[in-house]
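What follows is calculated from the coordinates using simple rules that are stated; it is not laboratory data. Keep in mind that this is a model prediction, so the values were computed, not measured. Here the Cβ is made from the backbone with ideal geometry for all residues, glycine too, and neighbour counts use every protein chain on show.
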Amino acid sequence: MNEKAFWVALSSVSGIGPARLTALLDRFGSAEAVWTAPREELAAAGLDRRSLTNLVQARRTSDPAKLWRNVERRGLDCVTWDDEAYPQNLRNVSGAPPVLYVDGTLVARDQWAVAIVGTRRASVYGREVAHRLATELARNEVTVVSGLALGIDTTAHQAAIDAGGRTIAVLGCGLDQVYPAQNRNLAAAIRQQGACWSATIRWAHGRSHATFRRATASSAG
C-alpha cells in the first residue's frame, strides 16, 4: 500500500498532532509502522491514553486504502513532511501540519511567497493597497498567499491572477467545499494559476479561522 495512505490515516486521528506524530515517526520509522504498531508499543512510545484510544479506534474503523482512494478520486495531490514539494517556509514553522492536500500545483518558485490577509470588511483604500501590493508581487514572480475570504483576501488573489502571477489559497476547511460560496469561480482560477490547499482531509469539515490564518501566514514565512 502507498505509504502516503498511512500519513492520511494518521493525520485524521484526533490527538495525533505534529508533535506526537514526530515522536512516533522517530520511534517507529514510518507512518505505516506507526499505524500497525501494537498498542503496548505505542504506549511505551509515550502516547497518552486518550490519543492511544483514538488511534486504536481509528484502526478499527478507518481503512487507509479507502482514505487514499478518496484523495485520488478527487484528483488531489498529497504532500507530506517526507516530500521535497512540502513548502520550505511552512516546514520551518513549529506545528507545521504533517500532510497538505493540494488542488492545483505547487512549484519551486512558490518558495518565494508573501501572505496578504486582512479584514472581510475592507475599506476602499485597503483594497487599493492590497491590489497594488499583490500586483507588484505577482509581476516580480513572487507567489501571493491568502485565505480566499471576502475582502482583502479576495482582492489579493484576484490581483495576482490578473497580473499573470501565481497565488495559493490556504483553506481552513476540506477541499470539497469552497468558503465563501461566492468565491467558487475565484477558487477555480486559483487552481489554474497556483493551488488551493488544506491541512484537513475531513470532507465538509467546519472552517477553523485560527488554523487557516496561522497556516496562511506561516506558509509564506
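Points worth noting:
- Calculated FRET value between D162 and V93, using beta carbons and R₀ = 22 Å, to 0.05: 0.15
- Of D103, D82, D153, the one that fluctuates the most in a GNM where the chain has Cα springs shorter than 10 Å: D82
- From the alpha carbon centroid of the stretch 96-111 to that of the stretch 181-202 is 12 Å.
- Compared with the dominant Cα axis of the chain, that is its longest principal axis, helix 209-219 is turned about 80°.
- C-alpha long axis of helix 64-73 to longest principal axis of the chain, angle in °: 20 degrees
- Cα pair distances in the stretch 80-191, grouped into 10 Å bins until the bin that holds the longest one, percent each: 15, 46, 33, 6, 0
- Degrees, to the nearest 10: 152-162 long Cα axis against longest axis of the chain: 70 degrees
- Inter-label distance for Q111 and R69, nm, one decimal - labels placed 7 Å from Cα along Cα-to-Cβ: 3.8 nm
- When the chain is treated as a Gaussian network with alpha carbon springs shorter than 10 Å, the biggest mean-square fluctuation among G75, G104, G17 belongs to G75.
- Between D83 and E40, full extension at 0.36 nm per residue minus the direct alpha carbon distance yields a gain of 12.5 nm.
- Helices in the chain, meaning DSSP H runs of at least 4 residues, each add -39500 (n - 2.57). Divided by all residues, the mean residue ellipticity at 222 nm is -14000 deg cm²/dmol.
- Among residues other than L47 with Cβ under 14 Å from its Cβ, the summed charge is +2 (Lys and Arg +1, Asp and Glu -1).
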